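S.K.: Following this message is one structure expressed as structure tokens.
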Number of protein chains: 2
Amino acid sequence: MPKAAASPAPKIERADGEDGRVRAVIDAVLPSVDGGRFPVKRVAGEALRVQAHCFADGHDVLRVLLRWRAEADADWAELPMKPLGNDVWEAEFAPPAVGRYRYTVTAWVDAFESWRHDMARRIDPEDIRIASQMGAQEIAAAAGRAKGADAQALARWSSELKTAAIENSMEAPALKALALDEPLCALAERYPDRRLATHHGAELPLVADRERARFSTWYELFPRSTAPKGDRHGTFKDVEARLPAIAAMGFDVLYFPPIHPIGRIQRKGKNNTLAAQPGDVGSPWAIGAEEGGHKSILPELGTREDFQHLRAEAQRHGLEIALDIAFQCAPDHPYVKAHPSWFRWRPDGTVQYAENPPKKYQDIYPFNFETEDWQGLWTELKSVFEHWIDEGVKIFRVDNPHTKAFPFWEWAITELKREHPDVLFLAEAFTRPKVMHRLAKLGFSQSYTYFTWRNTKQELTEYFTELSQGLGSEYFRPNVWPNTPDILHERLQGGETAVFMARLVLAGTLAASYGIYGPAFELRVHLPREQGSEEYLDSEKYQLRHWNHDDPQSLAPFIARVNHIRRENPALHSDRGLRFFSIDNGELLAYAKRSADGDNVIVTVVNLDPHNVQTGWLELDLDFIDCEPAHPFQMHDLLSNQRFLWQGSRHFIRLDPHSVPAHVFVVRRRVRDERDFDYFL
Amino acid sequence: MPKAAASPAPKIERADGEDGRVRAVIDAVLPSVDGGRFPVKRVAGEALRVQAHCFADGHDVLRVLLRWRAEADADWAELPMKPLGNDVWEAEFAPPAVGRYRYTVTAWVDAFESWRHDMARRIDPEDIRIASQMGAQEIAAAAGRAKGADAQALARWSSELKTAAIENSMEAPALKALALDEPLCALAERYPDRRLATHHGAELPLVADRERARFSTWYELFPRSTAPKGDRHGTFKDVEARLPAIAAMGFDVLYFPPIHPIGRIQRKGKNNTLAAQPGDVGSPWAIGAEEGGHKSILPELGTREDFQHLRAEAQRHGLEIALDIAFQCAPDHPYVKAHPSWFRWRPDGTVQYAENPPKKYQDIYPFNFETEDWQGLWTELKSVFEHWIDEGVKIFRVDNPHTKAFPFWEWAITELKREHPDVLFLAEAFTRPKVMHRLAKLGFSQSYTYFTWRNTKQELTEYFTELSQGLGSEYFRPNVWPNTPDILHERLQGGETAVFMARLVLAGTLAASYGIYGPAFELRVHLPREQGSEEYLDSEKYQLRHWNHDDPQSLAPFIARVNHIRRENPALHSDRGLRFFSIDNGELLAYAKRSADGDNVIVTVVNLDPHNVQTGWLELDLDFIDCEPAHPFQMHDLLSNQRFLWQGSRHFIRLDPHSVPAHVFVVRRRVRDERDFDYFL
């Protein structure tokens, strides 16, 4: 290159602060939640598929790497991303253990690969000779970046190529072959020039939870209603007696409403009446009395040792205990005297109780998150979780998190999971969509949903399409409940067995995590407090109940069947891979779920009408269920244990609500074994 | 509030660095391009509607403000955002002049408004008395933030309210009325406590361009082919003679391919042959010769003074001149000797020409954007624009920007617009979608599109739905061309008048900016260089052409009609407000455009079949065109000047390609004047 007079280089600042010669563009890295402000969620061992939109000017060859690391590590692991076309590059990694990770992307215009790409298409001998000399320069540069034997091999190759090109000592085809030597090219590839690499601006966070964050089956009960008969207050010992039955139904999380001392001041009576009668047990959510607060146990339930015994017994039955954490105080909670600054005070010298004028909740004092002592308050609230974590509890159902300051949750959950990455939090926020999503972004592992109020074909289709495929699917893990102690949906109030069965099948096959409030659910309790109310009549929230577990109409065996199917079929362990199918009847809902590896496919059809037999033509998406139009396949109904031989996409369905209002098919594809026998796997 | 022993407050850091008591959440601010990395685009005076997703814990009342400022100003203007429901808040502002702006959102939990909201719903007299005292505290605090008479008025109100509540000297209803006094509440509202306000993390950028960035009508011609007859090289003077005709067709931008000296080394001959013959004029895109480079004018076209004269004459005809800037050099461009480091050099001592092996473009030297002297290169390239801006040119069509380093464009356009905010850049990047979008993000004011290759009903519907409603609509302004010197689409090669007319109507009514390469378009030039090629036969790119402007078949009058309709109808001045309508014929395409204020609605129906009469039933969306089902309205076809009286949504359409293959209706709604006469406006 000829020399020219040097002109003084003006100083130029790029908008992104990079060197001006950095040419690769990383336009997007996905998934990302609010540009990396919040983490995406996976479970340990589950692959995160990352896509990056990368390109450069002209037709030079790009190299793109996915980089990831555990947040605590300084070193990045790197893997090449592959182009899918349309400037989308993809790679995936699986976080090996629970914890927080970071991932990002780097890309550069690769001089060696660009040269190699062009070289492969050169025809003219003179071009090949000149290009060989240019390649020799790139290879020599790679040799300079390499060490040891690699450096020597590259230097030798560079020198041979250059000499042969300059001395014209090889025919062009041989020279080209030397330039494109595959093993040597692969070697050079290992020492790229990354000085002008583009780094994506954000190191995107990922939280890897344990498997139960993604797949869990919850059973809620009030321990105080577990006494075997009569009006006696149930105890942790009584709960132990229920464990075999609950485990037999196939649940893996046993969740209790608050187990703390219950306030006496302003205690609510039966059916939420204002004046409690002597003997009324009050609401477990009116937390705190002279016996203690959020770190104490209601003496009537038992001692700390009883709780530990129950926890160990539950574990023996494959049941993990989840506690309800409700950050609010009864007027006699010890906090009120010990930390008056954590509450709002009225000019009459009383504490401001919860209210939504003209409604008053005088039995509940909310915390004041604008207190000057917010750091003291946050620290104490976090220590409530820490107390129970020390007691061996790793799952918390958080009551109304949306009525506590949002920043508290981000801080508390992040801090708690730093020490205890296997702890899980379920957000009980039945509120507006953006608020529910924010809580999930802030760190809640699972979230209650609107499922309880989604009953029609269109409602369910739209809602679960959004949950499984919408933007929120990267961080919002639904946990769906056909009923809760607060919600006896109108749909259940008819008491039809078919409704309870259909809602259970929907919950268990549409969502990877679901729960029921029992025994109200399996015993089909369905009377509301009054017409138009979603409250249960004689709700356990305000009184003891006695349940007849020997009711021959109990749905326990059916629940056990559904939960067994869930356990056996990986397709049902994730909210991804859901697809609705067309079926020409508005009362029939059909969908499939497919496991990440595609090996397990479950097709569910539910009759939403509890009164009438419904029939319709189902249109399968054969691609989605991975069946060939030309080959028969077996549809094995895991509820009835019937097997159907099907071929093609169109099939007749008939579901009678008076027997079982659903099919839950596993698709068994035909395989041929070494003896040339066909069977269905 | 009782005092308790102070415990040492632990130090807590929030993830976003805010004070722990800051409770309002701003989850999103829209529109935003890549989280504020790139600006959204509007024109001066055009409203930007901003939405924010805001909420707080509990049911306290939020106040949300939109803040905006010119980038050069330090002070923010603020306006209240209104809740639309679903936690979405909205406000809009119109940038008053061209330039760069910033906008963001702030929100806080407002203690005074929360108190007022609750107060309005209080019934119990004792509650009202206590709440009045609490309100008096909030009002006193507002008085402390106010000044002068406002402070006095608030202090007086606070004191009266407190006294009346404590002394029980007023009935509860009167006390409540005093607490809710509207003018005083409005006064207190003006002095909110914003100490715990949340500020959105990003100050989002906005570029306000002049109107022509959004709405423009381009005519491209080769000045050298404007000689009135024979083979003489056309001049700027000859172009002047064409101005009245071009203006009469209704164009407002007159765009020339490069007007610089053309290289002699490796010059291409007619029809892109490798060996130029004596007298061959070469390609205007092979820029630079001994006469000069990118800042010089080809002597055959005229002098700098001739150019200035032409520019002034064009302006007199309402035509603004746009120049083509192609950053590449012919081998004899002065840069090659003056700045050898700006090019890649081959081992044989020659400059690396453009190539895509095995194809070679030996007449073109690309710049090396990885040069050590990148700052010198960037500065010089920017100075090319500056030179022509100094010559009065404010619109540049940039040739193949995607083959130059992307960061250069962001820097150059931002810097140029800082000095000259009225300059516009059109990106000629016929490449992959993400690359085209990146260029638009980086600052190009308008972008060439795939329109040239979108011909069927489905193609056009999908593409223009994406362009007008997709994510890109905030920054990507399409400029659509039925033909260019590089693209004679197969569809035009039949030469049918109906095809040319239909493509013109589609371009002019689907997009706010469009252009044609003339006179080839209005004279329906349609022969390709060879079968299967999109190149014109005897293309002006490589030779002089002579055009017969007196051809009685010329589409000039039809073009004039379409452009007149565009000018008169604001609905066609923006890419927003496009809606496709159902019509039951695959060859008929129907759509409406509506102005931002809704006053002007254009309904277009095009017959895409150039051979056959097509008929179909059109289904109007009456809401969209703002007509009542019960009232007739007039459809005035501005192409034929026929008027039709319609009522309801369903109408029969018949379009004959042998007359005019389109309707362009303006919707005239019935109004009643003061004499009770009905007419259509």
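S.K.: Listed residues B:Ile287, B:Ile259, B:Ile265; which is open to solvent by 30 Å² or more (accessible area, probe 1.4 Å), at pLDDT 95 or above and assigned by TED's automatic domain parsing to the domain that holds B:Leu555?
M.R.: It is B:Ile265.
S.K.: Looking at segment A:368-383, which of the residues that are more than 27 Å from the chain's Cα centre (by Cα) and more than 7 Å from chain B (Cβ to nearest Cβ) is surrounded by the fewest Cβ atoms within 10 Å (Cβ to Cβ)?
M.R.: That would be A:Glu372.
S.K.: The conditions are (1) at the interface with chain B (Cβ under 10 Å from one of its Cβ atoms); (2) crowded, with 17+ Cβ neighbours inside 10 Å; (3) under 27 Å from B:Thr431 (Cβ atoms), and A:Ala52 fails exactly one of them. Which is it?
M.R.: (1)
S.K.: In segment B:566-585, which residue that is within 14 Å of the chain's Cα centre (by Cα) and within 15 Å of B:Thr217 (Cα to Cα) is surrounded by the most Cβ atoms within 10 Å (Cβ to Cβ)?
M.R.: The extreme case among them is B:Leu572.
S.K.: Considering (1) surrounded by fewer than 18 Cβ atoms within 10 Å (Cβ to Cβ); (2) under 30 Å from B:Glu211 (Cβ atoms), say which one B:Leu523 fails and leave the rest.
M.R.: Going through (1) surrounded by fewer than 18 Cβ atoms within 10 Å (Cβ to Cβ); (2) under 30 Å from B:Glu211 (Cβ atoms) one by one, B:Leu523 breaks only (2).
S.K.: Among the residues of segment B:331-356, write down those that are of a type in the set (D, E, K, R), within 14 Å of chain A (Cβ to nearest Cβ) and touching a residue at least 24 places away in the same chain (Cβ under 8 Å).
M.R.: Across segment B:331-356, the qualifying residue is only B:Arg344.
S.K.: In segment A:58-71, is there at least one residue being facing chain B (nearest Cβ under 9 Å) and touching a residue at least 60 places away in the same chain (Cβ under 8 Å)?
M.R.: No, segment A:58-71 has no match at all.
S.K.: Follow-up question, since we're still on this one. Can you tell which of B:Val601, B:Val606 is within 30 Å of B:Asp678 (Cα to Cα), surrounded by 20 or more Cβ atoms within 10 Å (Cβ to Cβ) and of a type in the set (Val, Ile, Thr)?
M.R.: None of the other options fit; the residue is B:Val601.
S.K.: Could you identify the single residue in A:Asp348, A:Asp363 that is part of a loop (DSSP other than H, G, I, E, B), at pLDDT below 95 and open to solvent by 50 Å² or more (accessible area, probe 1.4 Å)?
M.R.: On inspection, the qualifying residue turns out to be A:Asp348.
S.K.: Taking segment B:130-152 only, how many residues are at the interface with chain A (Cβ under 9 Å from one of its Cβ atoms) and open to solvent by 10 Å² or more (accessible area, probe 1.4 Å)?
M.R.: So the count comes out to 3.
S.K.: Keeping to segment B:578-603, report how many residues are at pLDDT below 95 and touching a strand residue (DSSP E or B) at 6+ places or on another chain (Cβ under 8 Å).
M.R.: Qualifying residue count for the region: 0.
S.K.: Determine, yes or no, whether B:Glu189 is buried (at least 19 other Cβ atoms within 10 Å of the Cβ), in contact (Cβ under 8 Å) with a residue 60 or more places away in the chain and of a type in the set (Asp, Glu).
M.R.: no
S.K.: Within the bounds of segment B:83-91, is there any residue that is in a strand (DSSP E or B) and exposed (fewer than 13 other Cβ atoms within 10 Å of the Cβ)?
M.R.: yes
S.K.: With (1) open to solvent by 30 Å² or more (accessible area, probe 1.4 Å); (2) in contact with a strand residue (DSSP E or B) (Cβ under 7 Å, 6 or more places away or on another chain) as the list, and B:Asn356 as the residue in question, which single condition is left unmet?
M.R.: (2)
S.K.: Tell me which of these B:His636 doesn't satisfy, since it passes every other one: (1) more than 21 Å from B:Val499 (Cα to Cα); (2) in contact (Cβ under 8 Å) with a residue 12 or more places away in the chain; (3) open to solvent by 70 Å² or more (accessible area, probe 1.4 Å).
M.R.: It fails just one condition, (3).
S.K.: Mind checking which residues of segment B:114-128 are crowded, with 19+ Cβ neighbours inside 10 Å, within 9 Å of chain A (Cβ to nearest Cβ) and modelled with pLDDT of 95 or more?
M.R.: B:Asp118, B:Met119, B:Arg122
S.K.: Run B:Val398 past the list (1) facing another protein chain (nearest Cβ under 9 Å); (2) at negative phi; (3) not in a helix (DSSP H, G or I) and report the number of the one that doesn't hold.
M.R.: If we test B:Val398 against (1) facing another protein chain (nearest Cβ under 9 Å); (2) at negative phi; (3) not in a helix (DSSP H, G or I), just (1) comes out false.
S.K.: Sort out for me the strands (runs of 3 or more DSSP E) sitting completely within segment B:182-296 that have 1 or more residues that are among the hydroxyl-bearing types (Ser, Thr, Tyr).
M.R.: Correct list: B:216-220, B:253-256.
S.K.: Do you know which residues across segment B:318-330 are away from chain A (no Cβ under 14 Å), open to solvent by 20 Å² or more (accessible area, probe 1.4 Å) and assigned to a loop (DSSP other than H, G, I, E, B)?
M.R.: B:Gly318, the sole residue that qualifies.
S.K.: With the condition kept exactly as written, say whether any residue in segment B:386-399 is assigned by TED's automatic domain parsing to the domain that holds B:Arg316, without any contact (Cβ under 8 Å) to a residue 60 or more places away in the chain and in contact with a Pro (Cβ under 6 Å, 6 or more places away or on another chain).
M.R.: For segment B:386-399, residues assigned by TED's automatic domain parsing to the domain that holds B:Arg316, without any contact (Cβ under 8 Å) to a residue 60 or more places away in the chain and in contact with a Pro (Cβ under 6 Å, 6 or more places away or on another chain): absent.
S.K.: Just checking, does segment A:305-314 include any residue being in the same structural domain as A:Ser225 (by TED's automatic domain parsing) and either free of Cβ contacts under 8 Å to residues at least 40 places away in the same chain or assigned to a loop (DSSP other than H, G, I, E, B) (or both)?
M.R.: Checking segment A:305-314: at least one residue is in the same structural domain as A:Ser225 (by TED's automatic domain parsing) and either free of Cβ contacts under 8 Å to residues at least 40 places away in the same chain or assigned to a loop (DSSP other than H, G, I, E, B) (or both).
The values are calculated or read from the model by the stated rules, or taken from the named source; none is laboratory data. Remember, it's a predicted structure, so these values are computed and weren't measured experimentally. Virtual Cβ from ideal backbone geometry, glycine too; neighbours counted across all protein chains shown. Please note that ligands, DNA and RNA were not included when accessible areas were found on the heavy atoms of the full protein model with its side chains. Shrake-Rupley method; radii C 1.70, N 1.55, O 1.52, S 1.80 Å.
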